[in-house]
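**Student:** My structure is below; once you've seen it, I'll send some questions.
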Amino acid sequence: MQVAEATGYRALLHNRPFRLLLLAYAINTFGNWITVVAALALATFKWHASPLELGGMVSVFLAPAAVAGPLSGWLADRLDRRCILVAANLIACVVVLAMPLAASIWHAYLILVVLRLVSSVNQPVMSALVPSLVRAEDITRANGILLQPAHATRAVSPLVGGLIVGGLGASAAFMVDAATFLCAAALIGLLLAGAGETACSPASQAELHLVPGASSIALRGLIPLAMIALAASFSFGALDSVAPLYVRDLLNLDVGAFGAVVSAIGLGAMIGGLAPGIRPEADRPLLFGMLVAIGGFLIIAATQSFWTLLIGSWIAGFGSGVVLTSGQTLIHCSIARAHHATALGMMSAVVNVGALAGITIASLLVSAAGVTVTLWLLAALLTASLPAAPGKSRRIQASASFETTSPR
């Protein structure tokens, strides 16, 4: 009797190399959030940091990725990816263990900068492995699943991190993060040892330069997607700053309500991230995701009740999930595989810069114009970026341009 071959999301769950990649990514993402919570706890309760110093800690956690992303991606397209990932996670394990030894917030800043410079290697390089581990028709679904840990940890890691810090102390939380780096290094080594050389070996010089100017063509092709990524990351970074003020000043509710809003965004993003995989042949998924996100922002801005805030946050999160999955798939399908890590690293930098700018500028906008006006402005920004949303036709055209440069 012939057994039917698994298809769709079920096929990915049967793919052992992809499962190992997903587990490594999930463990690593979870550990990063634990460190954020523990570092903020140290700064708040041990060093009695000011609001400006706490904001600086968030900034030093985001800003280094803007530098490390493009550089690590460029290196990963030219060096052995297994060595890069394993080395980065082992170094990060050592660095995070230095956090309990920090004597002041300035020492913590320095350690966090080094930690983020090293650990930011993981996201673009791991994402670049996807086309080597799954079938071409499963790339959209694989991206949706791979991004699930990032969405899930947004909803649950602050709670888990708070429980660890509250029950065992900040030092224990840093040790947990160190253990996650060790586990990720082991899983990556196991994954790439079993996946063959094609997954981890660098692109040859012929693949990198087979088409004259291939790198610059790839860079120009990313500009529309970068505009979308910048607008979306700016808006959602700003929403992170605006949401607690919305809950406190407009609804007169407490921190529990804010936690529910954060969870609603995360849960929406989880479901939205899987949506493009249901119909991977759909045209203009980025445009659809942006329209949904705009709808969520408009609901939040136009109404002032807790339940509409939750609904709007969930809808906005759903849209962001669609955009992230579709954007990553667009890179995999329109850029030569020899340049995947570079392109993903550049996009990671754009997202982190946008989020950091959104957090900073939104605080100023709220002070000057108020919460509601700021939300309307964010919806307007997302709307203004819609013409840049690439469609399926552009993806196919770009993919054809690079077909001869992709390694087989």
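**Student:** Considering only helices (runs of 4 or more DSSP H) fully contained in segment 1-84, which possess at least 3 residues that are out of contact with any strand residue (DSSP E or B) (no Cβ under 7 Å at 6 or more places or on another chain) and of a type in the set (Gly, Ala, Ser)? First the steps, then the outcome.
**Tutor:** Numbers: elements: 8-13, 16-41, 51-76.
Result: 16-41, 51-76.
**Student:** Quick check on segment 365-382: of everything there that is under 23 Å from the mean Cα position of the chain (by Cα) and either outside the structural domain of Phe297 (by TED's automatic domain parsing) or closer than 16 Å to Ser233 by Cβ (or both), which residue is surrounded by the most Cβ atoms within 10 Å (Cβ to Cβ)? Lay out the reasoning, then the answer.
**Tutor:** First, the residues of segment 365-382 that are under 23 Å from the mean Cα position of the chain (by Cα): 375, 378-379, 381-382.
When the remaining residues are screened for being either outside the structural domain of Phe297 (by TED's automatic domain parsing) or closer than 16 Å to Ser233 by Cβ (or both), the result is 378-379, 381-382.
Values: Leu378: 28, Ala379: 22, Leu381: 18, Leu382: 25.
Ranking the qualifying residues of segment 365-382, first place goes to Leu378.
**Student:** Moving on to the next point. Looking at Leu147, Leu90, Leu133, can you tell me which residue is crowded, with 20+ Cβ neighbours inside 10 Å and within 30 Å of Val165 (Cβ to Cβ)? Break it down into steps so the answer makes sense when it comes.
**Tutor:** Values: Leu90 fails: crowded, with 20+ Cβ neighbours inside 10 Å; Leu133 fails: within 30 Å of Val165 (Cβ to Cβ).
So the residue among Leu147, Leu90, Leu133 that is crowded, with 20+ Cβ neighbours inside 10 Å and within 30 Å of Val165 (Cβ to Cβ) is Leu147.
**Student:** Do we find that Ala275 is within 23 Å of Pro131 (Cβ to Cβ) and small (Gly, Ala, Ser) in this structure? Explain how you work it out, then say what you get.
**Tutor:** Values: within 23 Å of Pro131 (Cβ to Cβ): yes; small (Gly, Ala, Ser): yes.
Yes, satisfied.
Residue-wise test of (1) more than 23 Å from Leu365 (Cβ to Cβ); (2) hydroxyl-bearing (Ser, Thr, Tyr).
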residue: Val242; (1), (2): no, no
residue: Gly259; (1), (2): yes, no
residue: Met270; (1), (2): yes, no
residue: Asp283; (1), (2): yes, no
residue: Ile299; (1), (2): no, no
residue: Ser305; (1), (2): no, yes
residue: Gly321; (1), (2): yes, no
residue: Thr325; (1), (2): yes, yes
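**Student:** Now a separate question. Would you point out which residue out of Arg141, Arg154, Arg116, Arg81 is assigned by TED's automatic domain parsing to the domain that holds Leu20, in contact (Cβ under 8 Å) with a residue 40 or more places away in the chain, surrounded by fewer than 21 Cβ atoms within 10 Å (Cβ to Cβ) and of a type outside the set (Val, Ile, Thr)? Explain how you work it out, then say what you get.
**Tutor:** Numbers: Arg141 fails: surrounded by fewer than 21 Cβ atoms within 10 Å (Cβ to Cβ); Arg116 fails: surrounded by fewer than 21 Cβ atoms within 10 Å (Cβ to Cβ); Arg81 fails: surrounded by fewer than 21 Cβ atoms within 10 Å (Cβ to Cβ).
Checking each option against the conditions leaves just Arg154.
**Student:** Enumerate the pairs (first residue in segment 225-243 and acidic (Asp, Glu); second residue anywhere and assigned to a helix (DSSP H, G or I)) with beta-carbon separation below 7 Å, excluding pairs fewer than 6 apart on the same chain, so at least 6 apart or on different chains.
**Tutor:** Asp240/Ile359
**Student:** Only residues in segment 244-256 that are more than 13 Å from Ile300 (Cα to Cα) and assigned by TED's automatic domain parsing to the domain that holds Ser313 count as the first member; pair them with residues that are of a type in the set (D, E, K, R) and part of a helix (DSSP H, G or I), Cβ under 7 angstrom, at least 6 apart or cross-chain, and list the lot.
**Tutor:** Listed by first residue and then by second, the contacts come to nothing, as the list is empty.
**Student:** Looking at (1) closer than 30 Å to Ala282 by Cα; (2) at pLDDT below 85, can you tell me which one Leu129 breaks?
**Tutor:** Leu129 satisfies all of (1) closer than 30 Å to Ala282 by Cα; (2) at pLDDT below 85 except (2).
**Student:** From the list Leu330, Leu324, Leu287, Leu344, exactly one residue is modelled with pLDDT of 85 or more, surrounded by fewer than 23 Cβ atoms within 10 Å (Cβ to Cβ) and either part of a helix (DSSP H, G or I) or in contact with a Cys (Cβ under 7 Å, 6 or more places away or on another chain) (or both). Which is it? Break it down stepwise before answering.
**Tutor:** Numbers: Leu330 fails: surrounded by fewer than 23 Cβ atoms within 10 Å (Cβ to Cβ); Leu324 fails: surrounded by fewer than 23 Cβ atoms within 10 Å (Cβ to Cβ); Leu344 fails: surrounded by fewer than 23 Cβ atoms within 10 Å (Cβ to Cβ).
Step by step, each of Leu330, Leu324, Leu287, Leu344 is checked, and only Leu287 is modelled with pLDDT of 85 or more, surrounded by fewer than 23 Cβ atoms within 10 Å (Cβ to Cβ) and either part of a helix (DSSP H, G or I) or in contact with a Cys (Cβ under 7 Å, 6 or more places away or on another chain) (or both).
The values are calculated or read from the model by the stated rules, or taken from the named source; none is laboratory data. Source: prediction; values computed, not measured. We place every Cβ from the backbone using ideal geometry, glycine too, and count neighbours over all the protein chains shown.
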